[in-house]
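The values are calculated or read from the model by the stated rules, or taken from the named source; none is laboratory data. Owing to the predicted nature of the structure, the values given are computational and were not obtained by experimental measurement. Positions of Cβ are backbone-derived with ideal geometry, glycine not excepted, and every protein chain shown enters the neighbour counts. Calculation scope for accessible area: heavy atoms of the full protein, side chains included, ligands and nucleic acids excluded. Shrake-Rupley method; radii C 1.70, N 1.55, O 1.52, S 1.80 Å.
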Amino acid sequence: MSPEKLVAMAKEAMTHAYAPYSGYKVGAALLCADGTVYSGCNIENASYTPTICAERTAFFKAVYDGHRDFKAIAVCGGKDGVITGAFPPCGVCRQVMREFCEDDFLIHMAGAEGTWETHTLAEILPCSFSAKKHMR
Ligand code: THU
């Protein structure tokens, strides 16, 4: 699966966002090792803290279905769904990626006009705490 295709799927996922409080819409498309793609969007809540990010929606859907091996995720977001720059996943979502992914897991951060930046998980979450490194 090309980064272009995964980014396009993240943009489609963004249209599913439920973001009546922030107005900030986010979409994610998670590529599993077997080629399956899981989409996710942010889902907000009137009580604010139960809000879930798009990335975690995608991961939790995939993990529920039995997936444990992941290759890449594309993410995009913007106020009212208008993308103005590369979208960096929040720290909580990076830690969820750490739970299931290796250092070479790819994060495609979609920007305006079909652009994206790609970083590895090791780059965006250095010195991380992980089950594999610290709990065995
Ligand atoms: N959000 C995400 O979906 N992913 C992130 O990585 C950062 C933030 C959502 C949560 C909230 O609904 C909105 O963006 C504004 O923070």
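Stretching Thr120 away from Arg68 to a fully extended chain increases their span by 16.9 nm, per 0.36 nm per residue minus the current alpha-carbon distance.
The H on the amide N of Phe105, modeled in the peptide plane, is under 5 Å from the matching H of Leu121, Ala122, each at least 5 residues off or on a different chain.
For the pair segment 1-60 and segment 100-118, the centres of their Cα atoms are 13 angstrom apart.
Spin-label pair Asp103-Ala33: with each label point 7 Å from Cα along the Cα-Cβ axis, the two points sit 1.8 nm from one another. Rg/Rh for segment 64-106 stands at 1.04; both radii use Cα atoms, and Rh follows the Kirkwood definition. Relative to the longest principal axis of the Cα atoms of the chain, helix 3-14 runs at roughly 50 degrees. In terms of accessible area, using a 1.4 Å probe and ignoring ligands and nucleic acids, Arg136, Arg98, Arg56, Arg68 rank largest first as Arg136, Arg68, Arg56, Arg98. The string of couplings for segment 27-33 from the Karplus curve (6.51, -1.76, 1.60, θ = phi - 60°) is x, 9, 9, 9, 9, 7, 4 Hz, one whole number per residue in order, with x for Gly and Pro. Across the accessible surface of the chain, with the other protein chains kept in place and a 1.4 Å probe, carbon and sulfur atoms take up 56 percent.
For the chain, the solvent-accessible area of protein heavy atoms averages 52 Å² per residue (probe radius 1.4 Å; ligands and nucleic acids excluded). Here Ser22 and Arg136 are evaluated by their C-beta separation; at R0 = 22 Å the FRET efficiency comes out at 0.05.
Pairs spanning more than 21 Å between alpha-carbon atoms, out of Lys11/Lys132; Lys11/Lys61; Lys71/Lys133: Lys11/Lys132. So what does the Cα-only Debye profile of the chain read at q = 0.16, 0.17 Å⁻¹, as log10 I(q)/I(0), no solvent term? Taken in order of the listed q values, log10 I(q)/I(0) reads -0.75, -0.85. Checking the a/c ratio against 1.5 first, then a/b against b/c, what shape does the Cα gyration tensor give for segment 32-104? In terms of gyration-tensor shape, prolate.
Sorting Tyr18, Tyr64, Tyr38 on solvent-accessible area from highest to lowest, probe radius 1.4 Å, gives Tyr64, Tyr18, Tyr38.
Simple point charges give the picture: +1 on the Cβ of Lys and Arg, -1 on the Cβ of Asp and Glu, and for segment 80-120 a dipole about the Cα centre of about 120 debye. Think of each Lys and Arg Cβ as +1 and each Asp and Glu Cβ as -1; about the Cα centre, that makes the dipole of the chain roughly 340 debye.
When Ile107, Ile43 are compared by accessible surface with a 1.4 Å probe, the order from highest to lowest is Ile43, Ile107.
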